[in-house]
Structure formats: structure tokens, C-alpha cells
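J.: Please read through the structure below; I'll follow up with questions.
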Amino acid sequence: MNKNIAAEHGWDRAYVENAEAPLWSQEPMPILEDVLDRARGCCLDLGCGDGRNLVALQQGGLDVVGLDISMTALRRADRLLRARGRAAPLILGDILSLPFADHTIDTVTALDVLGQVSDLAPVLAEVRRVLKEDGLLAANLFDLSDSTFGEGSPVSGNTFLYKDTLFRYFSRREVHDLFAGWQTEVTRASWTDPPHGDFRPRKHMHVNHIVFARPS
């Protein structure tokens, strides 16, 4: 297994090593309101982690399914949902092989996910496969000006290995090239994230490309 792919599986270790508190904030990501303005129907939340966005997506009227590569994260997501009187299907799975039939999903969210994958072409192909013809992918990608840029060991280009997890950063041109063949709306947004336990133990500013994409 090469280093890039192995890094994608480092997340379970990160959840295990930060067992005392959520790895991320329990509050949804700041862009959820924009996502809910556009999303509908059955929503597949890729890389749902410990569930920070699941409740907000449900409250927005979506039928949510969470998928993550980390069983530890999914157990935490289930606990969070139950604590708030909710439930949702949670699937242990790989975003390179989604367990859904072709063209069955209305909305796919990939929030803080695509920047942790070594090769996005097969991921986007798999998302396109499961999306309905009029479906929506909502995603964010880290900008080169993100405050975490450069942390960790360089892997290639603007990609870094940080605590056995992969972080990629993108220029606006790279984002547009990545989504060639999609109908896209691309904006930028920034926000301050709280510390993430021992994983990233300080406040930090995230600067993101926000992508809303439909198969063309």
C-alpha cells in the first residue's frame, strides 16, 4: 500500500487517539446553510466522521445516510444522533466503492473529505455514478491560503502527510480543472475552527473553495 493511500486510513487512529471528546466540533460546518439551500431528497454524507453535520442535514429535511471509513467515527456519530433523539443509517465503507446502485442519490455531501484523498478522479467518477442525473454534489476543498497549509511532511505538490492523514490544498484553477465536465458553482468561504483535541490542538483558520456541482 503506498503512502498516500495508507494516509487515507489514518483517520481511524486519529479518532481512537482522541477518545475523550469529539475530534471535530459537534456543531455543523458553517457552510451547511448554503448546502441546505440547494440540497434535496436522499443525501449521502461522505466521510461523515463523528456526525457533526448529520443532525443539521436531517433538520433541513433530507433523508440522510452517513458513510465513513472509520468504525470508531461511526460509533460516535451514532451516539451523537441518539443523544439528540435521532437516527440515520451509518455505513462503514470506502468512497472509492459506494454501496449504492447507479443514479439513486439526490445529494452527495463531501465536507472536509476531498482534501484527504490522494487521487480524486475515481472518487468523483463514483459520485457521478450514484448521483441522479439532476443530482447535486456539495463539497469543500482547502485553498492554498488555508492556515494549515504546509503542516506535516510534504508528499507531492501541495499535499502533506500530517499525523498519518493526508491534506491537499488547491488553487482555484485546479478546482475548475478537477470538475471539468460538471456544471459547477464555485465560491470561497473561511472560518475559524476550534482545537481538535490532540490532533490539531489550536484554533485555526480554514479557507475553502466551496463547490456545488451537477453532472453535465
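J.: Please indicate, with yes or no, whether at least one residue in region 33-44 is over 17 Å from Ile210 (Cβ atoms), buried (at least 23 other Cβ atoms within 10 Å of the Cβ), at pLDDT 95 or above and of a type outside the set (Lys, Arg).
T.: Yes; the residues of region 33-44 include at least one that is over 17 Å from Ile210 (Cβ atoms), buried (at least 23 other Cβ atoms within 10 Å of the Cβ), at pLDDT 95 or above and of a type outside the set (Lys, Arg).
J.: Restricting to region 195-214, count the residues that are modelled with pLDDT under 95 and either in a strand (DSSP E or B) or touching a Cys at 6+ places or on another chain (Cβ under 8 Å) (or both).
T.: Qualifying residue count for the region: 5.
J.: Can you name the condition, by its number, that Arg79 falls short on among (1) among the charged types (D, E, K, R); (2) at pLDDT below 95; (3) buried (at least 20 other Cβ atoms within 10 Å of the Cβ)?
T.: Checking Arg79 against (1) among the charged types (D, E, K, R); (2) at pLDDT below 95; (3) buried (at least 20 other Cβ atoms within 10 Å of the Cβ), the one that fails is (3).
J.: So for region 92-106 (the condition being of a type outside the set (Val, Ile, Thr), more than 17 Å from the chain's Cα centre (by Cα) and in a helix (DSSP H, G or I)), does at least one residue qualify?
T.: Looking through region 92-106, none of the residues is of a type outside the set (Val, Ile, Thr), more than 17 Å from the chain's Cα centre (by Cα) and in a helix (DSSP H, G or I).
Residues checked against (1) surrounded by 17 or more Cβ atoms within 10 Å (Cβ to Cβ); (2) without any contact (Cβ under 8 Å) to a residue 12 or more places away in the chain; (3) more than 22 Å from Ile69 (Cβ to Cβ):
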| site | (1), (2), (3) |
| --- | --- |
| Phe167 | yes, no, no |
| Phe170 | yes, no, no |
| Gln183 | no, no, yes |
| Pro194 | no, no, yes |
| Arg202 | no, yes, yes |
| Ile210 | yes, no, yes |
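J.: Go through (1) in a helix (DSSP H, G or I); (2) modelled with pLDDT under 75; (3) among the aliphatic types (A, V, I, L, M) one by one and return the number of the condition Leu23 breaks.
T.: (1)
J.: Further question on the same structure: Can you pull out the residues in region 56-73 that are within 14 Å of the chain's Cα centre (by Cα) and not charged (D, E, K, R)?
T.: Leu57, Val65, Gly66, Leu67, Ile69, Ser70, Ala73, listed by residue number.
J.: Follow-up question, since we're still on this one. Please specify each residue of region 105-132 satisfying the condition of being surrounded by fewer than 18 Cβ atoms within 10 Å (Cβ to Cβ) and either basic (Lys, Arg) or under 19 Å from Leu36 (Cα atoms) (or both).
T.: Within region 105-132, Asp106, Arg129, Lys132 qualify.
The values are calculated or read from the model by the stated rules, or taken from the named source; none is laboratory data. From a predicted model like this one, the values you see are computed outputs, not experimental measurements. Note: ideal-geometry Cβ built from the backbone for every residue, glycine included; neighbour counts use all protein chains shown.
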